[in-house]
1. Looking at B:LEU215, B:LEU303, which is the one that is of a type in the set (A, V, I, L, M), away from chain A (no Cβ under 14 Å), surrounded by fewer than 23 Cβ atoms within 10 Å (Cβ to Cβ) and not in a loop (DSSP other than H, G, I, E, B)?
2. I'd like the residue in segment C:291-307 that is surrounded by fewer than 24 Cβ atoms within 10 Å (Cβ to Cβ) and at the interface with another protein chain (Cβ under 7 Å from one of its Cβ atoms) and, out of all such residues, is nearest to C:ARG56 (Cα to Cα).
3. Among (1) in a helix (DSSP H, G or I); (2) among the aromatic types (Phe, Trp, Tyr); (3) surrounded by fewer than 23 Cβ atoms within 10 Å (Cβ to Cβ), where does A:TRP127 come up short?
4. Quick check on A:TYR91: is it of a type in the set (Ser, Thr, Tyr), part of a helix (DSSP H, G or I) and surrounded by 22 or more Cβ atoms within 10 Å (Cβ to Cβ)?
5. Would you please list the contacts, defined by Cβ atoms under 7 Å and residues six or more apart or on different chains, that run from a residue in segment B:198-222 that is farther than 19 Å from B:GLU282 by Cα to a residue that is of a type in the set (Lys, Arg) and crowded, with 24+ Cβ neighbours inside 10 Å?
6. When you go through B:ASP78, B:ASP74 one by one, which is the residue that is in the same structural domain as B:VAL55 (by TED's automatic domain parsing), in contact with a helix residue (DSSP H, G or I) (Cβ under 7 Å, 6 or more places away or on another chain) and outside any strand (DSSP E or B)?
7. Answer yes or no as to whether A:ILE152 is within 7 Å of chain C (Cβ to nearest Cβ), touching a Leu at 6+ places or on another chain (Cβ under 9 Å) and either in a helix (DSSP H, G or I) or in contact (Cβ under 8 Å) with a residue 12 or more places away in the chain (or both).
8. Inspect segment A:203-212 for any residue being among the charged types (D, E, K, R), in contact (Cβ under 8 Å) with a residue 24 or more places away in the chain and within 11 Å of chain C (Cβ to nearest Cβ) and give the result as yes or no.
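The values are calculated or read from the model by the stated rules, or taken from the named source; none is laboratory data. Bear in mind the structure is a predicted one, so any value in this text is a computation, not a measurement. Cβ placement follows ideal geometry from the backbone for every residue including glycine, while neighbour counts extend to all protein chains displayed.
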Amino acid sequence: MKKFGIAVGVLVILVWCLLPVAWIISMSFKDELSITNGNPGFLPSDGTFAGWENYRAVWDNDQFRRAIFNSIGISLIATVLSVIVATLAAYAIARLEFTGKKLVLTMALAIAMFPVVSLVGPLFDMWRAFGIYDTWPGLIIPYMSFTLPLAIWTLSAFFREIPWEMEQAAQVDGATSWQAFRKVIVPLAAPGVFTAAILTFFFAWNDFVFGISLTSTEAARPIPASLAFFVGSDPFNRPASLLAAAAVIATIPIIVVVLIFQRKIVAGLTSGAVKG
Amino acid sequence: MTNHSGDPASLAPTTRRGSRRSARRGLATAAALGLTATLLAACGDDGKPVLNWYVNPDGVATFEKWAEKCSTDDYEIDVQLLPSSATEQRTQLARRLAAEDSSTDIMNLDPVFVAEFANAGWLQEIPEDHWGEIEGDVLEGPAETVTWDDKVYALPLWANTQVLWYRKTLAEQAGLDMSQPVTWQQVIDAAADNGGTVGVQGNKYEAYVVWINALVQGAGGEIVADTEKGRDASVEIDSDAGRAAAEVIQRLAESEAAQPDLSVSNEGTSLGLMYPEEGPGEFMVNWTFAYKNYADTVSPEQLEDLGWARYPQTVEGEESKPPVGGIDIGVGAYSENPDEAMAAAQCITQKDAQVELALTDGLMPSTESAYEEVISDGSYPEDLVELWRTSVDEGGPRPESAFYALISGAIQERWHSPTSVDPDSTPDNSAEYLEAVLKGEALL
Amino acid sequence: MTSTNVPAAAMPEQKSDKPTKKVDSDRTRAENRLGQKLVAPAIVLMLIVTAFPMVRAIWLSTFDYALTAPDDRNFIGIQNYLTALTDPLFWKSTGITVLYMVVTVAIELVIGFIFALVMHRVIFGRGIVRTSILIPYGIITVVSGFTWQFAFSYTNGFVNGWLPFIGDDFNWFGETTPAVIAICISEIWKTTPFMSLLLLAGLAQVSEDMIEAAKVDGASWWQRLWKVIIPNMRAAIMVAILFRALDAYRIFDNIFVMTNGAVDTQSISFLTYRQTIEQFQLGMGSALSVLLFLSVLLIAWLIIKLFRVDLAQARQEG
């Protein structure tokens, strides 16, 4: 009886989580022409299966490719920089006593809750003054700032679980705090850092508000913004099936990461609270 | 629901039922454009300045061709694609210009935004000697759209207008004499009584304002007057004309002739209902591109049944004011190469380019001489081209104001959805609201 | 202010494993300096993008200032705030935002809890369940918005065909109520995984012994759930509510792609975005930004006070 309940539960979870994914994939195989004429139903109706047409069309679209390139570049740079900065801060928070620690944690929490939209107006104004409007740095900087709280929290939770006796042992052997950090803790903390990096990447990859507000051309426009402005051959209606194909392409990196690192991500999101 | 505006700016020649081939071609062009863009930007090409031309995504292939033709030994023109909604195009361009971007050289502007851009100092004035040369040739409607504060700030590229498209059999069945001017009431009743529908643009976007504006002007009124006073313009929609407009919208919304997606309808959604699988078809107000759309997609017999007439009257006996739209070319005030950009803009708007846009993309020209050439080419029925020209010439533009975006937004806010329009309250409410928005006393 | 209490409680204050008392003051000072050096870059970065623009927003909000008419900038004091706060649209947007927040968080809490229970107990196929639950979490919100928009579309979607009592040509985005439902579903689908993972973490903290003891005492499954499990994971539930509520209050992406704010679906974030980015009304937009920020603080404070959220407990036991 209980086993049965869990089996049903598992099934419900799978359907709930994957049905929309299956739907967008199915949509991406509907013929573009049939979409404009109306093609209701979960699966492409008879004779409207487009094969890889939509994918080819999207991939041939230079604006989309450029957006993918922007997104990958911007997200990766933001992730690397953010994780480096967060690692330093998280180490200090987890291990050192210093004045101002409360301030860092306060700030991290406040920023995690910050309504992003309330910043884009002033940021737009500032960025155009600094000349980094519609550039990669113009997006990397806000992405870093907004991923720091998550990264700091995740990392400090990980760091707290590290066997610190080893650091103390190193310090007893005459190493300074810095040496102990670099030689002993960094290798131990690497898995946690990696998890933080994945979560940070997800955030940057997902961002939309900064993406549409702080860019205006394909010079820096990331995927989510590019999807929202996607133009098909029919200017009046969204090219739904092309968009679906584009959406699937944009989701593939996420699915790959999830498939490989699911355990780490869960651990990271719940900050190490879940075993196994 | 969608942010694709069907404003003139986003009218494409490719179609709702566009062939697979044209979709292919569009994408291939976009790809090619992007590629050249990257290459050019990358190498800077033996020191020749590169002029960026921001275009709306219709007729892109033609734009690209003319970008190449108008490039000279001194500069190269590089096409950059804007989003498809007119509102979104404005936002993207305005953001760049507000940032005093020196790489915004040439831009396709929806006529309604010329005033705003000129007022903000974002556009170069068109030299008097050039304007003097072409002024006599430019149709009156488009000429008005490029003038702000007695100066000329843009060059008309194409001029768009709406006519009433219908199925001849449906009109016959209803006993409607289409050789005479018809009213909205007649059209709605004729469709409703015979199982047909009426296609309009009722989504919450720019083209809905196009409809409302045409209805108000058709009743002899204005949404706002004295627009040169900016925020102090006088709001006039709370008038008999405003109420007449609201009556038409209410009549359609409550009629059997309303299409099921009335509140989210755009220029594309109603195209397909002209030749539905069942039923007699529709009456539809739509831009010039509709003809080419049907010519490319329906059978010759079906096309034979397609009729066109002047935009319907709001009030019986009072001449209708067909909407006027199109695209004007502006030159950025912060351009690094202002003279070259101005020369390029003049080249792009020349007669041959206008004719080509009309013949290949269904985007009608803004000058007399180009119209003559389109007629003599014979690709379009002559009476249709004449109807377009009259409509552009006698049509009514939307309010020319530096605060047009506010005006349009406020109207959309209060008049959407069409099903909620009530002649007794909507004009009154919207006038009050528009006044408050213009004065900065209410949020939009 | 409120938020200062939270991290103060949230920080790992006790370091019993570390003999801080014994070290001499030189060492303490060195540690102090090192600590500050290590956090400095993070602080600077966070300030550049938040505090500095926020101060600027406060300053700009006292002007009547539109980018399209840059020469007409006038100081008007608190007029923008008065206008916003007396404007029906502001309150309507706030109201709809609160509605989004309450509805999505309440539903997610239930669904998320059920998911967490299943995940907690499942042995066979744990990897598959975890992977599939992470996919909505990782998917771009805009993509989620499109997916559901197309699903609800009467021309190309499947929802109308699957739902009984709903006509095949029912237009979900033509009126406020169905449009809000569609937006909420998109939001719930996308963010339930996050909720359920936080709850799963809380569930893992509940001691099995206590549940066993209750079982021995003859408590039914239902009683064990309400008397043992839920009270013991209260902290985790509250943290999940707090995080998701603040996140839901910022809802923007789905609305942008699904309705673009039509039929009265615009949230307060969307309103602010339109003022600043679409209308270029930097003065009024900045005032709205400040109000939005204050309302988030207020909600955080309310949730923390009302539910007595103990972040320290939730984080510490992790």
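1. Values: B:LEU215 fails: surrounded by fewer than 23 Cβ atoms within 10 Å (Cβ to Cβ).
Testing whether each residue is of a type in the set (A, V, I, L, M), away from chain A (no Cβ under 14 Å), surrounded by fewer than 23 Cβ atoms within 10 Å (Cβ to Cβ) and not in a loop (DSSP other than H, G, I, E, B) leaves just B:LEU303.
2. C:PHE293
3. Unmet for A:TRP127, out of (1) in a helix (DSSP H, G or I); (2) among the aromatic types (Phe, Trp, Tyr); (3) surrounded by fewer than 23 Cβ atoms within 10 Å (Cβ to Cβ): (3).
4. Values: of a type in the set (Ser, Thr, Tyr): yes; part of a helix (DSSP H, G or I): yes; surrounded by 22 or more Cβ atoms within 10 Å (Cβ to Cβ): yes.
Spelling it out, A:TYR91 is indeed of a type in the set (Ser, Thr, Tyr), part of a helix (DSSP H, G or I) and surrounded by 22 or more Cβ atoms within 10 Å (Cβ to Cβ).
5. B:VAL209/B:ARG398; B:VAL210/B:ARG398; B:ASN213/B:ARG398
6. Checking each option against the conditions leaves just B:ASP74.
7. yes
8. Yes, there is a match, as at least one residue in segment A:203-212 is among the charged types (D, E, K, R), in contact (Cβ under 8 Å) with a residue 24 or more places away in the chain and within 11 Å of chain C (Cβ to nearest Cβ).
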